[in-house]
Amino acid sequence: NLLDGGTSVGSSITIADADGFVVNDGGTMKTIPATDIPTYVGSGLSTASQWRVTTNFTDDADPIASNWEVSDTTGYGSLGSAMSESSGVFTFPSTGYWLVMFNHDAYSTSAQLWGAAQLLVTTDNSTYGSIATASTSFYSSSSFSSSVAVAIVDVTSTSNVKVSFKVDVAHADVTTVGNTDIHRTGATFVRLGDT
């Protein structure tokens, strides 16, 4: 009767995947399952997590292959399935468009040095190339600097599309800062939607 203009809505219900919605399909009334709705209205973000490097290191790293951990500081939250990591190579838990951010925190004991943080991607599980770079300069000794490399990665295959992170510095006097308690050098992964 509600389709005829009734106003009563009754008590609240919990919508399940198999529940039906009435839709006017070109003049014909049809019932569709609730699972069809997200295709057209979006279902919101479903997967997000952060990883961090736990200890300092000096000089270059291609990739940063060790001392990664999932952030676990009080107050940290994640969504959905977790990324997996092996020797600095990160595998996505599902296909889709992913926002990837690599934060590089560093300090230098010498002046006139530079550093670069690079986000690398492979689409064949073999050959990696830089998809984003963020550079920084140290103009005085004992100076700190942070940079963030950001890219949207089209993960069409969880077997072939992977990412890693590279640090390229001018001299061993540049130290990448890691920490096991707070996010200093690390990566953020957010699934934006279907590919």
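A residue that is free of Cβ contacts under 8 Å to residues at least 60 places away in the same chain, open to solvent by 10 Å² or more (accessible area, probe 1.4 Å) and in contact with a Gly (Cβ under 9 Å, 6 or more places away or on another chain) occurs nowhere in the range 171-185. In this structure, Leu45 does satisfy being open to solvent by 60 Å² or more (accessible area, probe 1.4 Å) and touching a residue at least 40 places away in the same chain (Cβ under 8 Å).
Screening the range 186-195 for residues that are in a strand (DSSP E or B) and not charged (D, E, K, R) and picking the one that is most open to solvent (accessible area, probe 1.4 Å) gives Leu192.
Taking the condition surrounded by 14 or more Cβ atoms within 10 Å (Cβ to Cβ) and either free of Cβ contacts under 8 Å to residues at least 60 places away in the same chain or in contact with an Asp or Glu (Cβ under 7 Å, 6 or more places away or on another chain) (or both), does Ser87 pass? Answer is no for this residue. For the range 124-140, the criterion of being open to solvent by less than 30 Å² (accessible area, probe 1.4 Å) and either touching a helix residue (DSSP H, G or I) at 6+ places or on another chain (Cβ under 9 Å) or in contact (Cβ under 8 Å) with a residue 40 or more places away in the chain (or both) is met by none of the residues.
Here the condition is being open to solvent by 30 Å² or more (accessible area, probe 1.4 Å) and over 22 Å from Val169 (Cβ atoms); of Ala82, Ala111, it holds for Ala82 alone. Summed over the range 152-170, the residues that are under 18 Å from Val89 (Cα atoms) and open to solvent by 10 Å² or more (accessible area, probe 1.4 Å) give a count of 10.
The values are calculated or read from the model by the stated rules, or taken from the named source; none is laboratory data. As the structure is a computational prediction, the values presented were derived from the model and not from experiment. Heads up, the Cβs are rebuilt from the backbone with ideal geometry, glycines too, and the neighbour counts pull from every protein chain shown. Areas reflect the complete protein model, heavy atoms only, side chains present, ligands, DNA and RNA absent. Shrake-Rupley method; radii C 1.70, N 1.55, O 1.52, S 1.80 Å.
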